[in-house]
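Down below is the structure, laid out as structure tokens.
The values are calculated or read from the model by the stated rules, or taken from the named source; none is laboratory data. Only a predicted model underlies this, so the values are computations on that prediction, with no experimental measurement involved. Cβ sites come from the backbone with ideal geometry, for glycine too, and all protein chains shown count toward neighbours.
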Amino acid sequence: MQIDLYAEHFNGYFNSPILRKQIGDSVLLLKSVRRIFFLGNGGSNSISSHMMEDYGKIGGFRTFAFSDAALITCYANDYGYENAMAEWLKLHMDKGDLLIAISSSGESRNIVNAAKMAVDLGGKIMTLTGFAEGNALSKMGEINIHLPVRNYGIVECFHQVILHIILDSFSE
């Protein structure tokens, strides 16, 4: 049954000392920023939009997500989809801001390009990826949280849980 697969990964991953350290490091990183940008595609974009709201409302951060349909289509039309998010960050991100980049595969060209732009702008980066270890995005952040599972449902659910745990830990 699928529930057994989720439970197996949940128990193993959330008991990992590596993840526990990354969550602690993420809380410290949050203490050093005031503005947070969330980026993702598809399900990860939904997570970005949701977390933008929670980190703003609960955490008191100034938060932004590239999730409005008109915004996405405007930037994709003008710059190409692979550059849309990077161009948006170029306009809005300041040195010291945090980018939280979420990608199940870690290979989405638009997310990787946005992370490169964040580096160029002097931003801080946290990544959440899944699938293959060593994917492009998983090497780009100060904190790189990777779930070594090739299942969209598990990766997306766990990314959202991890972001909630970080926020809850920050807000304690």
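One residue stands out among those in the stretch 155-172 that are at pLDDT 95 or above and acidic (Asp, Glu): the one that is farthest from Ala101 (Cα to Cα), which is Asp168.
The residue that is nearest to the chain's Cα centre (by Cα), counting only those in the stretch 15-39 that are without any contact (Cβ under 8 Å) to a residue 40 or more places away in the chain and under 22 Å from Arg150 (Cβ atoms), is Ile18.
Is it fair to say Arg150 is out of contact with any strand residue (DSSP E or B) (no Cβ under 8 Å at 6 or more places or on another chain) and either without any contact (Cβ under 8 Å) to a residue 40 or more places away in the chain or surrounded by fewer than 19 Cβ atoms within 10 Å (Cβ to Cβ) (or both)? So Arg150 does not fit the description; no.
I'm checking my understanding of the structure. Among residues of the stretch 56-82 that are under 13 Å from Leu99 (Cα atoms) and either of a type in the set (Phe, Trp, Tyr) or over 12 Å from the mean Cα position of the chain (by Cα) (or both), which one is surrounded by the fewest Cβ atoms within 10 Å (Cβ to Cβ)? Per the stated criteria, the residue is Arg62. For the stretch 1-35, taking the residues that are β-branched (Val, Ile, Thr) and in a helix (DSSP H, G or I), the one that is surrounded by the fewest Cβ atoms within 10 Å (Cβ to Cβ) is identified as Ile3. The condition of being in a loop (DSSP other than H, G, I, E, B) and in contact with a Lys or Arg (Cβ under 7 Å, 6 or more places away or on another chain) holds for only one of Gly122, Gly60, that being Gly122.
Do you know which residues across the stretch 122-140 are of a type in the set (Gly, Ala, Ser) and either at pLDDT below 95 or over 19 Å from Gly59 (Cβ atoms) (or both)?
We begin by selecting, within the stretch 122-140, every residue of a type in the set (Gly, Ala, Ser); these are 122-123, 130, 132, 134, 136, 138.
Correct list: Gly122, Gly130, Ala132, Gly134, Ala136, Ser138.
Among the conditions (1) assigned to a loop (DSSP other than H, G, I, E, B); (2) surrounded by fewer than 18 Cβ atoms within 10 Å (Cβ to Cβ); (3) in contact (Cβ under 8 Å) with a residue 24 or more places away in the chain, the only one that His50 does not satisfy is (1).
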